[in-house]
Amino acid sequence: MADAGPPPLDGRGEPITPERLEAFDEAATAELARRLEDDDYPSPFAGLADWHLLRALAIHRPELARPYVHLVDQEPFDED
């Protein structure tokens, strides 16, 4: 089997691992969502990293991310 490479990193350089996702609780998820809603990041990459983290939670821990799914949903758009 081919190596998938290193796990994705969050804005603080920490890998998004199953163990890290399992450590999230409602309060930590709410804080993550608050940061995304405030959208006050030092760089676009920090915001994107939080978005990837919330997206991973939505996939692997949907019970935590359900109230914040609007932050990870992408609007369909017409490329024409």
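The numbers here are math on the coordinates, done by the rules we state, and not lab data. Since we're looking at a predicted model, the values are computed, not measured. Don't worry about glycine lacking a Cβ; one is built from the backbone with ideal geometry, like all the others, and counts go over all protein chains shown.
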*When a footprinting reagent is the concern and you count Cβ atoms within 10 Å, what order do ILE59, ILE16 take, fewest first?*
ILE59, ILE16
_Quick check on the exposure proxy: order ASP50, ASP38 from fewest to most C-beta atoms within 10 angstrom._
ASP38, ASP50
_Among LEU71, ALA28, ALA56 - extreme Cα towards positive end, dipole of segment 26-71, charges at beta-carbon_ = ALA56
*Once you have the Cα-Cα distance between THR17 and TYR41, take 0.36 nm times their residue separation minus that, and quote the gain in nm to one decimal.*
6.4 nm
*Over all directions, what mean area does the Cα convex hull of segment 26-71 project, stated in square nanometres?*
2.8 nm²
*asked:* Give me HIS60, HIS70 sorted ascending by neighbouring Cβ count inside 10 Å, so fewest comes first.
replied: HIS70, HIS60
